[in-house]
Amino acid sequence: NIMSFVGVLVVLSLISWPLTLGVLVLVPPLVLATVWFGRRSAKAYAHARETISSVNAEFQESISGVREAQAYVQEERTVDSFRTTARRYLDARIRTQVLQAIYFPFILFLAVCGDAIVLGLGSVLVHDGTIAAGTVIAFLLYLDQFFAPVQQLSQVFDQWQQAVASMTKINELMQ
């Protein structure tokens, strides 16, 4: 995906460097958003992984101790304790989903902004006779290929964060 991103950027600059310069305005917010998402989601996924392990442990303990809970009439306390633990997990997962709900649409927004920049700047350049209308159309088609790897990376990044959080937990267990 990174190679595709760079390759398409080269092709875009060969098609029209003025349009490419116009689109490059979007790269800093794209990089900043990705770094922001990476840092926040790493912490959020680690926290979610910790809380799901608590949910699993408490569930196992509750099942194993069901007779004791019944014998000492502690069913309600056990259920309340499990609800609290499950709620912490729900809150942790909601935080990861909120991050995704901010980041992924922002990437799409940047792609639409790129289209708007190309159409606006391209119309001026076509009107001036600097480039042909077909060049603008070709540029727009390649621009979609410019943002596609970023969108794919962002989706894979989500799965990767979950895997890293799980691997960290496994490593702790193995040590």
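The values are calculated or read from the model by the stated rules, or taken from the named source; none is laboratory data. In this text, all values refer to a predicted model and were calculated from it rather than measured experimentally. Because the Cβ atoms are built from the backbone with ideal geometry, glycine has one as well, and the counts that use them run over all protein chains shown. When the accessible area is computed, the model is the full protein with side chains, heavy atoms only, and any ligands, DNA or RNA have been set aside. Shrake-Rupley method; radii C 1.70, N 1.55, O 1.52, S 1.80 Å.
The residue pairs whose first member lies in the stretch 77-99 and is touching a residue at least 12 places away in the same chain (Cβ under 8 Å) and within 17 Å of Ile63 (Cα to Cα), whose second member is in a helix (DSSP H, G or I) and open to solvent by 70 Å² or more (accessible area, probe 1.4 Å), and whose beta carbons are closer than 7 Å, counting only pairs six or more residues apart or on different chains, are Phe82/Phe59. Taking the criterion of being within 30 Å of Leu125 (Cα to Cα), assigned to a helix (DSSP H, G or I) and not basic (Lys, Arg), would at least one residue in the stretch 57-64 satisfy it? No, there is no match, as no residue in the stretch 57-64 is within 30 Å of Leu125 (Cα to Cα), assigned to a helix (DSSP H, G or I) and not basic (Lys, Arg). Within the option set Thr96, Thr51, being surrounded by 14 or more Cβ atoms within 10 Å (Cβ to Cβ), more than 27 Å from Gln152 (Cα to Cα), within 23 Å of the chain's Cα centre (by Cα) and of a type in the set (Ser, Thr, Tyr) holds for one residue only, Thr51.
Here Thr168 fulfils each of the conditions (1) touching a residue at least 60 places away in the same chain (Cβ under 8 Å); (2) closer than 25 Å to Leu21 by Cβ apart from (2). Among the residues making up the stretch 91-129, a single one is more than 30 Å from Ala48 (Cβ to Cβ) and of a type in the set (Ser, Thr, Tyr): Ser123.
Candidates Phe109, Phe147: the one that is within 26 Å of Gly7 (Cβ to Cβ), without any contact (Cβ under 8 Å) to a residue 40 or more places away in the chain and either in contact with a strand residue (DSSP E or B) (Cβ under 7 Å, 6 or more places away or on another chain) or not acidic (Asp, Glu) (or both) is Phe109. Checked across the stretch 38-47, the condition of being open to solvent by 40 Å² or more (accessible area, probe 1.4 Å), closer than 30 Å to Val156 by Cα and either of a type in the set (Val, Ile, Thr) or over 29 Å from the mean Cα position of the chain (by Cα) (or both) holds for no residue.
From Val112, Val136, Val156, Val164, which residue is part of a helix (DSSP H, G or I), β-branched (Val, Ile, Thr) and open to solvent by less than 30 Å² (accessible area, probe 1.4 Å)?
Val136
So for the stretch 125-132 (the condition being of a type in the set (A, V, I, L, M, F, W, C), within 21 Å of Pro18 (Cα to Cα), touching a residue at least 24 places away in the same chain (Cβ under 8 Å) and open to solvent by 50 Å² or more (accessible area, probe 1.4 Å)), does at least one residue qualify? Within the stretch 125-132, none of the residues are of a type in the set (A, V, I, L, M, F, W, C), within 21 Å of Pro18 (Cα to Cα), touching a residue at least 24 places away in the same chain (Cβ under 8 Å) and open to solvent by 50 Å² or more (accessible area, probe 1.4 Å).
Go through the stretch 6-37 residue by residue and tally those that are aliphatic (A, V, I, L, M) and open to solvent by less than 70 Å² (accessible area, probe 1.4 Å). Write out each step before concluding.
As a first pass, look at the stretch 6-37 and keep what is aliphatic (A, V, I, L, M): 6, 8-12, 14-15, 19, 21, 23-27, 30-33, 35.
Still in the list and also open to solvent by less than 70 Å² (accessible area, probe 1.4 Å): 8-9, 11-12, 15, 19, 23-24, 26-27, 30, 33, 35.
Residues that pass the stated criteria total 13.
In the stretch 59-70 there is no residue that is under 29 Å from Gln159 (Cβ atoms), touching a residue at least 24 places away in the same chain (Cβ under 8 Å) and not β-branched (Val, Ile, Thr).
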